[in-house]
Each structure stands twice: as structure tokens, then as C-alpha cells.
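The block underneath contains the structure these notes are about, expressed in C-alpha cells.
The values are calculated or read from the model by the stated rules, or taken from the named source; none is laboratory data. Please read these numbers as outputs of a predicted model, since none were measured by experiment. Cβ sites come from the backbone with ideal geometry, for glycine too, and all protein chains shown count toward neighbours. When the accessible area is computed, the model is the full protein with side chains, heavy atoms only, and any ligands, DNA or RNA have been set aside. Shrake-Rupley method; radii C 1.70, N 1.55, O 1.52, S 1.80 Å.
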Amino acid sequence: MRRLLPVGAALFLLACPPGGTGPDGGEDAGTGPEIITPNETGWWRDDVFYEVFVRSFQDGSETGDGVGDLQGLTARLDYLNDGNPETTTDLGVNGIWLMPVFASPSYHGYDVTDYRAVKYDYGTQADLEALIAAAHARGIKILLDLVVNHTSSAHPWFVSAREGPDAPYRNFYVWKDTKPTEAGWKRPFGDFGDVWFHANGDYYYAVYNAGMPDLNWRNPEVEAEFVAIMKHWLALGVDGFRVDAVRYLVESEDAKLTDQPETHQVFQRLRHAIHQEYPDALLVAEAWTGNSKVADYYGFGNEFQLAFSFEIADAIRSSIKKGTRADIHQANAISQSEFVDRGFEAPFLTNHDQVRVMRDLMGTGTTPPPEQARLAAALLMAHPGTPFLYYGEELGMVGGASSRTEDKDKRTPMRWDDTGPQAGFTQDASNWFERDTTRTAPEAVGVDVATQQTDPDSLWSLYRRLIALRQAHPALATGVASRPAIEGTGGPGVFATLRTAGDGSRVLLVINLATTASAGFTLPLSGSVTVLEGAGLMPTPTSQSGALVFDALPPQSFAFFKFD
């Protein structure tokens with residue numbers, strides 16, 4: 001584990017850009033230190049982000065072609081945040097992460113053929129610029145999904161590279177004249193399949209599949225190209241990047257394929273290069289692993305400002321399904337130990353690669369559990385860091401029926417109303433998902449925006465209130481969690497977390513995850529509480545002998561309290 005220095009201390013950039021200077025001003029080999037200070041008050045620290053799969057959000061074409069696009073998303077921005085804090089019809093998020101919008105031959109876009117062009121299905125660069133301007137006018141920031149580990153095999157770089165050893169872009173990828181046979185050269189995830197593929201007499205490396213050849217990040221030309229790509233989009237108003245698959249960037253000759261020191265050095269240099277001109281640009285890491293490894297991508301304050309917390313996401317869902325606090329308590333303890341600054345975390349419930357949270361909570365059942373969905377929302381918004389919400393999660397969408405194995409079933413079209421089979425997504429008679437899969441993705445009655453916006457007890461209304469609560473209380477937005485986590489006495493389903501802001505204000509969440517049993521609960525806290533938000537008729541505690549005593553917390557209930 002990489003031990004982190006206290007937040008606010010002077011931190012050191014361990015690897016400068018190639019050709020940098022050492023501390024005495026002389027030339028070095030890229031190892032001279034540079035003192036930098038982490039941005040503790042970055043604009044993202046009190047934001048809530050919303051992940052959008054553009055293809056599935058809104059078809060904005062005049063006649064409808066069944067495919068979501070950038071014009072459609074722009075037309076729906078008022079749903080996400082209309083810029084007016086007095087209205088009650090917007091969700092209130094203030095950041096959007098766009099899944100890949102670059103040119104690509106696939107529906108998902110993670111195999112890029114041109115990093116400076118917008119995917120034809122989604123519109124034009126002018127459409128993207130219009131989206132950015134309209135979002136900024138409403139106080140919404142925009143993150144682009146940046147795929148740095150690999151390109152499409154149809155990218156012009158790879159088309160050139162496969163021509164032979166002397167091809168202009170040959171060294172943009174990793175090649176060998178014979179196929180490595182060491183046991184370690186297997187995919188470090190999933191089915192552990194092959195990573196070397198034959199092309200024109202030689203073998204190229206591709207950790208995902210043959211259609212996604214890995215880039216050679218030992219080649220400084222690749223690094224320079226991506227610095228230029230990032231600056232291109234930042235100059236057009238983009239606020240940062242979600243960076244895909246960061247763990248697999250550089251592989252070593254001894255078949256170590258993940259989390260290599262050279263990978264960290266690359267990201268240190270990228271951040272340094274970007275922040276020279278765009279010091280407020282946000283970089284978010286997708287490092288799909290436990291938080292003991294995720295912590296390394298903070299570096300020494302010189303790599304990523306945020307990283308997704310898969311451990312917290314898994315623990316939230318598993319604790320709710322089990323009805324006990326053990327998993328979420330353990331995950332929080334690990335985060336407290338590994339992250340000096342828990343503002344580095346980006347908590348979430350599920351994303352585009354995972355079964356939607358409502359389907360996951362259903363288990364083998366057939367009915368989505370609304371109480372458990374509310375508990376998940378409460379736990380997400382109570383955690384430190386910058387939370388991310390997957391589109392449709394706020395409605396309780398379950399996705400396609402086979403979504404445990406099919407990625408397309410995790411990315412079904414958004415439901416805007418209950419009028420007709422397309423639910424307001426498109427004017428066409430069918431949508432891309434139905435045409436691609438020959439399946440439909442029916443949702444329960446009431447799982448749509450129009451219905452839930454008029455119901456104060458809907459899941460959407462709860463999400464809106466929780467987002468507003470988080471933004472109104474610094475203790476929830478940027479406050480630190482108690483160290484160690486507070487321990488109370490009561491049933492195994494009862495969990496509590498206390499967040500404290502720099503101004504001394506505090507917010508307490510108490511939640512009973514148990515599915516059937518009420519539970520008394522005593523917390524070793526002295527003070528008074530005021531209910532801010534909750535579900536399940538949780539009683540107000542009494543103060544007894546320096547402790548807060550809750551009588552008979554109802555099952556699957558929660559409450560946020562202002563704690564004085």
C-alpha cells in the first residue's frame with residue numbers, strides 16, 4: 001500500500017515530463033521532483049454527478065431514429081438541473097459524465113477510431129459544444145469518457161501499425177515477433193483469456209480483445225498525442241475526464257499486467273501537463289479493484305483527484321440485501337484506513353458495466369424492492385467524496401431481463417413518460433436496443449419521470465431531496481467522516497455515520513437495514529438532533545446519560561439528523 005501524506009502538506013511529483021529539469025535546473029531523465037499541493041477545495045468536492053449513456057438518454061432527431069444523441073441530451077438538461085434553485089422539477093445534479101462520444105464503430109464507443117471527432121450517431125462537434133455551453137449556463141460541469149488503454153483495431157494508427165515493423169505508427173502499439181508463452185500473459189480479469197493476437201506475421205497485445213489493441217505508453221509520442229487530445233477538448237470547454245481502465249496502461253516484461261509503477265508515472269506526467277494550462281481540470285480514475293489499490297491512484301496528490309469506490313458500491317448493495325451492517329461497516333473502515341482524504345472517493349451504486357442496482361436488489365424475485373432502493377439512495381448520499389448516479393437509477397429502472405450477462409441490457413433507453421411503448425425516448429416505432437437485441441425492456445408501471453415527478457413519495461422525489469440536502473449541508477457535501485467510525489449498540493442491521501464540516505456543523509445518518517425486525521439503538525454521542533430527511537417513521541432519539549437512545553427503529557428505515 002502507498003502511504004499517503006496528510007492533506008494540505010507539500011507533496012512531490014515523482015516523475016516530471018520527459019526532458020524536464022532537476023531541482024538544480026540541469027537536465028534529468030524525468031525523475032526530478034516538483035512540489036505541488038493538492039486542490040482540497042476543487043469545484044467537484046460538493047457536486048453530484050450523473051452518468052449518461054447518450055445513445056439511451058433522448059433521441060433528439062426531428063423524426064426520430066431510435067438513437068439518443070447530443071441534441072436530445074441538451075433538450076433534457078432542465079431535467080438534470082434547470083439552473084433555478086427555486087424550482088422542483090429538476091433532479092439538481094451539477095455534473096454529467098458522458099460515456100464515450102468519440103468516433104467509434106461500436107454501439108458502446110469504447111473502441112475509438114478518432115479522439116478528436118464526435119461519434120456520427122450522436123451528432124457533431126458543434127452539437128457537443130452547444131451541450132457544453134447549455135450545461136455551463138445551468139451550472140452543470142461536463143466530463144468526457146477518455147479511453148487511454150487501447151484504441152479500436154480500425155483506428156488509423158493501428159491500420160498503419162499492422163503493416164509491418166517499419167510502419168509509421170508501429171510503436172504506438174505493443175508487438176512481438178513470437179507469441180509469449182509465460183503463464184502470466186493472460187487477461188487479469190474475467191475469463192483470463194489470451195492477450196496476444198496474430199496480425200501480418202507478428203503478435204500484438206490487447207488486454208480486452210483482438211478488436212481493442214493496447215497502446216504502447218512507453219512511447220513518448222503516444223503520451224504527447226493524448227496530452228494534445230485532452231487539451232483539445234479542454235479548450236472547447238470540457239471540465240475534465242473520466243479515465244477508463246487505468247490499471248492496465250503499462251504492462252511489464254515479467255507478465256505483470258496491472259498497477260505497474262510506470263502506469264502511475266504516466267498519469268503523474270499527464271496531470272502535470274494538463275494542469276499547466278488547465279489547473280481546474282478534473283481527472284477521475286476507473287480502477288476496478290479494492291480500495292487498498294485504488295488509493296495508489298491518488299499518488300502523492302499528483303495523479304487523480306477522484307477515483308470510483310467499487311468497494312463501497314459493492315458493500316452498500318450487499319449490506320442491504322443481507323439486512324446487516326457488517327459489509328458496509330468493513331468497507332468504510334478500509335476507506336478510513338487507506339485514504340487520508342476521503343474526498344478522493346467517488347461513491348456510486350452501479351454503473352454501465354454492472355447489473356442495475358434495482359435488479360441486483362431483486363435477487364431471484366420478480367418485484368423491485370422500493371424500501372431497499374431508498375436505503376441505497378440514503379447510503380450513497382451519506383458517503384464522503386463525490387457521488388455518481390447512473391441514469392435511470394433515480395427512477396428505479398431495472399434494465400433488460402438478461403442484464404446479468406448482456407451489457408446492452410444494462411444500458412436500456414431512459415423512460416420519460418407512460419405514453420406509448422417508447423416512453424418518450426423517441427418518436428420512432430422502435431429504439432436501438434430493440435433493434436440490436438430483438439428484445440424489449442419493460443419496466444414496472446410508474447417507472448418514468450413524468451409519473452414520479454408528481455409523486456412526493458416516489459424514488460425520484462427522494463433522490464431530489466437527498467441531493468438538495470447534501471448540497472445544503474457542508475457536513476454531507478465535504479465533511480469528514482468520524483474516525484474511527486462510530487459504534488453503537490443494537491441489532492446487526494443498524495448502521496450510523498457522522499459527518500463533520502470545517503465550520504463544526506454535523507449531520508448524522510442512522511439506518512436500520514434489517515428487513516423484518518425493529519431494533520433499539522444506542523449511540524455514544526451527546527447532543528440534540530433535528531430530523532432533516534428520512535423514511536420509515538424513525539423515532540426521534542432521546543438523550544440519556546451522554547448517549548442518544550433510539551427506541552424500536554422500524555425495519556428498512558433511515559433518517560438524516562442535524563446534530564448539535
### Task
With the full set of protein chains in place, find how many percent of the accessible area of the stretch 462-512 is carbon and sulfur; take the probe as 1.4 Å.
58
### Task
Would you please give the FRET efficiency between residue 518 and residue 461, computed as 1/(1 + (r/R0)^6) with r the Cβ-Cβ distance and R0 = 30 Å, to the nearest 0.05?
0.70
### Summary
Computed from the beta carbon distance with a Förster radius of 25 Å, FRET efficiency for residue 236 and residue 137 to the nearest 0.05 stands at 0.95
#### Entry: Partners for residue 231 among aspartates and glutamates (Cα-Cα distance below 13 Å; same-chain residues under 8 apart left out)
223, 239, 277, 280
#### Entry: Centre separation in Å (Cα based) which lies between the stretch 419-459 and the stretch 358-418
14
#### Entry: Low-density loop cleavage sites - GluC sites (Glu not before Pro) in the stretch 232-301, where at most 11 other Cβ are within 10 Å (DSSP)
253
### Task
Would you mind computing, in nm to one decimal, how far apart the modelled labels at residue 262 and residue 200 are, each placed 7 Å from Cα along Cα→Cβ?
2.3
### Task
Would you list, by chain and number, the lysines whose Cα falls below 22 Å from the Cα of residue 410, excluding same-chain residues fewer than 8 positions away?
119, 321
### Query
Considering only protein heavy atoms and a 1.4 Å probe, what is the carbon-and-sulfur percentage of the accessible area of the stretch 160-216?
48
## Note on the structure
Hits for the chain under the membrane-span-like helix rule (DSSP H, Cα axial span at least 15 Å, Kyte-Doolittle mean at least 0.5) are 125-137, 370-382
### Message
Is there a quick way to get the dipole size of the stretch 108-233? I mean about its Cα centre, with the Cβ of Lys and Arg at +1 and of Asp and Glu at -1; what is the value in debye to the nearest 20?
### Response
280
### Task
Using the heavy atoms of the protein chains and a 1.4 angstrom probe, tell me the accessible area per residue for the stretch 188-254 in square angstrom.
34
#### Entry: Between the stretch 206-271 and the stretch 103-121, the alpha-carbon center distance in angstrom
17
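Quote the charge dipole size of the chain about the Cα centre in Debye, to the nearest 20; the model charges only the Cβ of Lys and Arg (+1) and of Asp and Glu (-1).
1400
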### Task
May I ask you to evaluate 6.51 cos²θ - 1.76 cosθ + 1.60, the Karplus curve with θ = phi - 60°, for each residue of the stretch 80-88 and list the ³J(HN,Hα) values in order in whole Hz, giving x for glycine and proline?
7, 6, 8, x, 10, x, 7, 7, 10
### Summary
Filtered hits (lysines, Cα-Cα < 18 Å from residue 176, offset >= 8 within chain) -> 186, 256
### Query
With labels modelled as points extended 7 Å from the Cα through the Cβ direction, what inter-label distance (nm, one decimal) is found for residue 418 paired with residue 318?
3.8
### Message
Counting only helical runs of four or more DSSP H residues, what would the 222 nm mean residue ellipticity of the chain come to if each run contributes -39,500 (n - 2.57) and the total is spread over all its residues?
### Response
-7000 deg cm²/dmol
### Task
Quick one: which residues, 5 or more positions from residue 532 or on another chain, have an amide H under 5 Å from its amide H? H modelled 1.01 Å from N in the peptide plane, none for Pro or chain starts.
560, 561, 562
### Task
Hey, for a label at residue 178 modelled as a point 7 Å past Cα toward Cβ, could you say which residues of the stretch 188-220 have their backbone N under 17 Å away?
196-199, 201-204
### Message
Leaving out ligands and nucleic acids, and using a 1.4 Å probe, what accessible area per residue does the stretch 88-140 come to in Å²?
### Response
33
